[in-house]
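S.K.: Would you mind keeping the following structure in view while I ask a few things?
Read-outs: derived from the displayed coordinates by stated rules, not from any lab. All of these numbers come straight from a predicted model, not from anything done at the bench. Counting neighbours? That spans all protein chains shown, and the Cβs are built from the backbone with ideal geometry, glycine included.
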């Protein structure tokens, strides 16, 4: 090594393409770099932006909760799996935020959405922000959210907006893997030991109050319920009881758990605005 | 607008340069082998436009690929280079070329089978680890099993061979 500073040494010989690959912190390159960004005639830009924001927020908050399993998952393979799923969702969030900034009139970049908004401005469903807690709860939540997102993305693949349509079509392939992972674990735990069964039951009971929130705006309820019924039956578990509850993440009403999650996610970006290293 | 007549040989040369760029995560493959280089054109005003598509939405190698392709093209004498991201149609492992599959196997990574067609309906719930037959890239045995559907990069799964007892990576179909 020609330099005492290990990172400078690593960077040697990598200068031919500029610094894009060395962006840490904020200042990543636009994930929609070079994509045609025009909004087609007949598409309601406000509605499109709201859809991108809600789906981006679900993905970002879910990715953060999944990343919390790193170093704590039951086995290394599960840690890798949960981190991979989170990475896919983070990629989806970046694309959706970038699209949102193009169509909501603000011209904001992805960082502004991820780092510079308060909890009240987030539009994710509350289920995504609940603390990870038990592995069984994380599996049940992943099963519910990936089933819903997959069903919704399958419809959005036919969106008149070419960018949202492409993001959704790509996401469908990833979400199929996510749902499969969660479904396999749900059966294994539900049909496993008395202890794993008990924890799965408790987790299903816990998600019940948050299910209704997923089905307010989008017509995928029957499909998602069918998936949950199939998986819970195979796992020997009861369907979660649906209980309507007040408040809605889609309108900015969140649990007390979102603000601390964002404090951790946004801390460095807010303490050192625009920092790149 | 100034139009510069483009020489077909320039397009071929630019295409050749871009096609030879190695993938940052699977350096035995070129971006052409992997199927992420979707096209190289020269515009009427003389810009080289290379189109790339990400493998997975969260693939952290995209910025690296963009920088590598632009850098190689500039080094080859093309001054005005533009990299476009193409999201549609989404990347599929079916686009990995025959040469790419051979190189993967030679490096101990099992190449993917045909990508699954989207099939609405029930979630396939099978608890047995093995869902498809993957030949061991070391000894060729079909007596293999999946240990994890997720691995060190988004595009791979972890498998092991019960015949030669070696673990190996497998590029999973998408």
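S.K.: Classify chain B as rounded, prolate or oblate from the Cα gyration tensor: take a ≥ b ≥ c as the square roots of its eigenvalues, call it rounded if a/c is under 1.5, otherwise prolate when a/b beats b/c and oblate if not.
M.R.: prolate
S.K.: Hey, what angle do you get for helix A:221-235 against the long axis of chain A, alpha-carbon based, 0 to 90 degrees rounded to 10?
M.R.: Its long axis makes an angle of about 70 degrees.
S.K.: Go ahead and set up a Gaussian network model of chain B, Cα springs under 10 Å, then flag whichever of B:12, B:34, B:26 fluctuates most.
M.R.: B:12
S.K.: Pop the C-beta distance of residue A:202 and residue A:272 into the FRET formula with R0 = 41 Å and round what comes out to the nearest 0.05.
M.R.: Here the calculated transfer efficiency is 0.50.
S.K.: Using a Förster radius of 30 Å, what is the FRET efficiency between residue A:121 and residue A:38 based on their Cβ-Cβ separation? Nearest 0.05, please.
M.R.: Once the sixth-power term is evaluated, E becomes 0.70.
S.K.: Taking only C-alpha pairs under 8 Å that are 6+ residues apart, what is the relative contact order of the range B:8-91 in percent?
M.R.: 30 percent
S.K.: For the range A:43-271, list log₁₀ I(q)/I(0) at each q in 0.14, 0.18 Å⁻¹, using the Debye formula over Cα point scatterers of equal strength and ignoring solvent, two decimals each.
M.R.: Debye curve over Cα of the range A:43-271, log10 I(q)/I(0) at q = 0.14, 0.18 Å⁻¹: -0.86, -1.44.
S.K.: Return B:69, A:35 ranked ascending by Cβ neighbour count within 10 Å, so the fewest neighbours appear first.
M.R.: With the sparsest Cβ surroundings first, the list reads A:35, B:69.
S.K.: Counting other C-beta atoms within 10 Å, which of B:156, A:170 has the fewest, and how do the rest follow?
M.R.: B:156, A:170
S.K.: Considering only A:76, A:214, A:66, give the residue with the highest GNM mean-square fluctuation for chain A, with springs between Cα atoms whenever their separation is below 10 Å.
M.R.: Of the options given, A:76 has the highest mean-square fluctuation.
S.K.: Once you have all Cα-Cα distances for the range A:58-145, histogram them in 5 Å bins from zero and send the whole-percent values.
M.R.: 3, 14, 23, 23, 16, 11, 7, 3, 1, 0
S.K.: Also, I was wondering about something else. Per DSSP helix of 4 or more residues, -39500 (n - 2.57); summed, then divided by the residues of chain A. What does that give at 222 nm, rounded to the nearest 500?
M.R.: Helix-only estimate at 222 nm: -20000 deg cm²/dmol.
S.K.: Need one number: nm distance between label points at residue B:76 and residue A:248, each 7 Å from Cα along Cα→Cβ, rounded to one decimal.
M.R.: In this crude label model, residue B:76 to residue A:248 measures out at 5.4 nm.
S.K.: With a 10 Å cut-off between alpha carbons and a GNM built on chain A, which of A:253, A:192, A:109 moves the most?
M.R.: A:192
S.K.: Taking the Cα atoms only, what angle lies between the long axis of helix B:62-75 and the longest principal axis of chain B, rounded to 10 degrees?
M.R.: So the inclination is approximately 40 degrees.
S.K.: Any chance you could check the Cα centroid distance between the range B:68-93 and the range A:119-179 for me, in angstrom?
M.R.: So the two Cα centres are separated by 30 Å.
S.K.: Here's something else I'd like to know. Over all residues in B:77-86, what is the mean tally of Cβ atoms on other chains that come within 10 Å of each residue's Cβ?
M.R.: Numbers: counts 0, 0, 0, 0, 1, 2, 4, 4, 9, 4.
Partner-chain Cβ atoms within 10 Å, mean over residues of B:77-86: 2.
S.K.: So, one more: Under a plain spin-label model, where a point goes 7 Å from the Cα along Cα-to-Cβ, how far apart in nm are residue A:216 and residue A:47?
M.R.: Once both label points are built, they end up 1.8 nm from each other.
S.K.: Quick one: if the Förster radius is 30 Å, what FRET efficiency do residue A:106 and residue B:41 give, using the C-beta to C-beta distance and rounding to 0.05?
M.R.: 0.35
S.K.: Any chance you could give the angle, 0 to 90 degrees and rounded to 10, that helix A:45-67 forms with the longest Cα principal axis of chain A?
M.R.: Here the helix axis deviates by roughly 80 degrees.
S.K.: Need the full-extension length gain, residue B:125 to residue B:88, defined as separation in residues times 0.36 nm minus the C-alpha distance. One decimal, nm.
M.R.: Once the chain is fully extended between residue B:125 and residue B:88, it gains 10.3 nm.
S.K.: Can you tell me the convex hull volume per residue for the protein assembly as shown, based on C-alpha atoms, in Å³ to the nearest whole number?
M.R.: On the way: hull volume 77.5 nm³, N = 451.
That works out to 172 Å³ per residue.
S.K.: Report relative contact order for chain A in percent, whole number only (criteria: Cα-Cα under 8 Å, sequence separation at least 6).
M.R.: Once normalised by length, the contact order is 23 percent.
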